[in-house]
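A.B. asks: Please read through the structure below; I'll follow up with questions.
The values are calculated or read from the model by the stated rules, or taken from the named source; none is laboratory data. Everything quoted here is computed from the prediction, not taken from an experiment. In this analysis, Cβ positions are derived from the backbone assuming ideal geometry, glycine residues included, and neighbour counts consider all displayed protein chains. What goes into the accessible areas is simple: the full protein's heavy atoms, side chains included, and nothing from ligands, DNA or RNA. Shrake-Rupley method; radii C 1.70, N 1.55, O 1.52, S 1.80 Å.
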Amino acid sequence: MDKLAPHEFKAWADLDKIVAREDGQIPRKYRELIALAVAHTTQCVYCIEVHARNAKRAGATREEVAEAVLIAAALRAGAAAAHGALALKLFDQAS
């Protein structure tokens, strides 16, 4: 994609670099754990791979990774329940 849309690819790559910042207020380990949790909610296997490895390199433990994944799962389930409420509302409105 870099060759097909170089400007857009660079913009995306630059945005993705914010996870790896070392000078932000959130330490790198927590940035990687956040990214890993989000990757689970978006179900991006490539992001899961990259951020799991980077979280380990940044000092995250297996227990922290497990917690991050389960927090993401809880939020994903919460979204499903919220959408379920919407489905019931739309069901009730249907003729």
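A.B. asks: Do any trypsin sites (Lys or Arg not before Pro) in the stretch 8-95 lie in a loop, going by DSSP, with at most 15 other beta-carbon atoms within 10 Å of their beta carbon, and if so which?
C.D. replies: Those satisfying the criteria are Arg21.
A.B. asks: Another question, if that's okay. Count neighbours as other Cβ atoms within 10 Å of each site's Cβ, and list the GluC sites (Glu not before Pro) in the stretch 1-46 that are DSSP loop with at most 13 such neighbours.
C.D. replies: Values: sites: Glu8, Glu22, Glu32; in loops: Glu22.
Passing sites in the stretch 1-46 are Glu22.
A.B. asks: Now for a different question. What accessible area per residue, rounded to a whole number of Å², is obtained for the chain using a probe radius of 1.4 Å?
C.D. replies: Details: 7510 Å² over 95 residues.
Result: 79 Å² per residue.
A.B. asks: Angle between the Cα long axis of helix 6-16 and the longest principal axis of the chain, 0 to 90 degrees, nearest 10?
C.D. replies: 90
A.B. asks: So how far apart, in nm, are the two label points at Arg62 and Lys89 if each is 7 Å from Cα heading toward Cβ?
C.D. replies: 4.4
A.B. asks: Expressed in nm to one decimal, what extension gain is obtained for the pair Ala80 and Gln43 from 0.36 nm per residue of sequence separation less their Cα-Cα distance? Walk me through the numbers before you get to the answer.
C.D. replies: Details: separation 37, 0.36 × 37 = 13.32 nm, distance 1.45 nm.
In short, 11.9 nm is gained.
A.B. asks: Related question: How much of the accessible area of the chain, in percent, comes from carbon and sulfur atoms when a 1.4 Å probe is used? Spell out each step's value before the answer.
C.D. replies: Working: 4850 of 7510 Å².
That fraction is 65 percent.
A.B. asks: If R₀ is 41 angstrom, what is the calculated FRET efficiency for the pair Phe9 and Ile71, using the beta carbon separation as r and rounding to 0.05? Mind showing how you got there, number by number?
C.D. replies: Numbers: r = 31 Å, r/R0 = 0.75.
After rounding, the FRET efficiency stands at 0.85.
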